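The structure under discussion appears below in the form of structure tokens.
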Amino acid sequence: MNGAEFKVLRESLGLSLAWLAQRWGLESERGPKRWQERNEPIPDARAADMEQLAAIADGLVEWQLTELLTDAAGDRRLLVPRVDADSPDEFPASFYRAVAARVSWELEGRLKIVYR
């Protein structure tokens with residue numbers, strides 16, 4: 001995975017450099033920022049983690065497509081966290097909003113996205 005691929009994947013997952021640096025136990029986001037700015041190869045362990053995060057997002061998209069809530073009007077709706085404090089686990093709220101965008105795309109926009 002090169003820096004450009006890293007940046008595209010990171011952004012598509014709704015993950016910030018700061019969040020990834022914290023996840024990886026780095027003192028700052030300088031390393032990951034440098035990888036994407038200079039289009040440097042990503043260390044294998046970090047690339048593997050990014051692929052694992054993408055697989056988690058893929059699984060959430062599939063799960064959401066089968067488990068969507070239906071409101072009183074019969075519309076499909078998906079609850080997403082507005083801020084990180086509303087997130088159900090260690091992932092940032094932006095990760096769940098990125099998943100919701102993919103679910104909406106899969107349903108061709110026939111989805112209400114609402115905050116928890």
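Every residue in the range 46-77 that is of a type in the set (Ser, Thr, Tyr) and either under 14 Å from the mean Cα position of the chain (by Cα) or part of a helix (DSSP H, G or I) (or both), please. 66 - this is the single residue of the range 46-77 that is of a type in the set (Ser, Thr, Tyr) and either under 14 Å from the mean Cα position of the chain (by Cα) or part of a helix (DSSP H, G or I) (or both). Take the conditions out of contact with any Lys or Arg (no Cβ under 8 Å at 6 or more places or on another chain), open to solvent by 20 Å² or more (accessible area, probe 1.4 Å) and assigned to a helix (DSSP H, G or I) and apply them to residue 9. Does it pass? Yes, satisfied.
Does any residue in the range 50-77 that is in contact (Cβ under 8 Å) with a residue 40 or more places away in the chain come within less than 8 Å, Cβ to Cβ, of a residue that is open to solvent by 80 Å² or more (accessible area, probe 1.4 Å) and not hydroxyl-bearing (Ser, Thr, Tyr) six or more places away or on a different chain, and which pairs are these? Filtered contacts from the range 50-77: 57/102; 61/102; 61/106; 65/106; 68/76; 71/112.
Let's see how each residue does on (1) modelled with pLDDT of 95 or more; (2) among the polar types (S, T, N, Q):
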site	(1), (2)
23	yes, no
46	yes, no
66	no, yes
72	no, no
95	yes, no
116	no, no
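If you take the residues in the range 78-116 that are open to solvent by 70 Å² or more (accessible area, probe 1.4 Å) and in a strand (DSSP E or B), which one is nearest to residue 12 (Cα to Cα)? In this case the residue turns out to be 113.
Scanning the range 16-39 turns up at least one residue that is in contact (Cβ under 8 Å) with a residue 40 or more places away in the chain, open to solvent by less than 60 Å² (accessible area, probe 1.4 Å) and outside any helix (DSSP H, G or I).
The values are calculated or read from the model by the stated rules, or taken from the named source; none is laboratory data. Treat the numbers as computed from the prediction; the structure is a model and nothing was measured. As a convention, Cβ positions derive from the backbone with ideal geometry for all residues, glycine included, and neighbour counts pool all protein chains shown. SASA here: full protein model, heavy atoms, side chains in, ligands and nucleic acids out. Shrake-Rupley method; radii C 1.70, N 1.55, O 1.52, S 1.80 Å.
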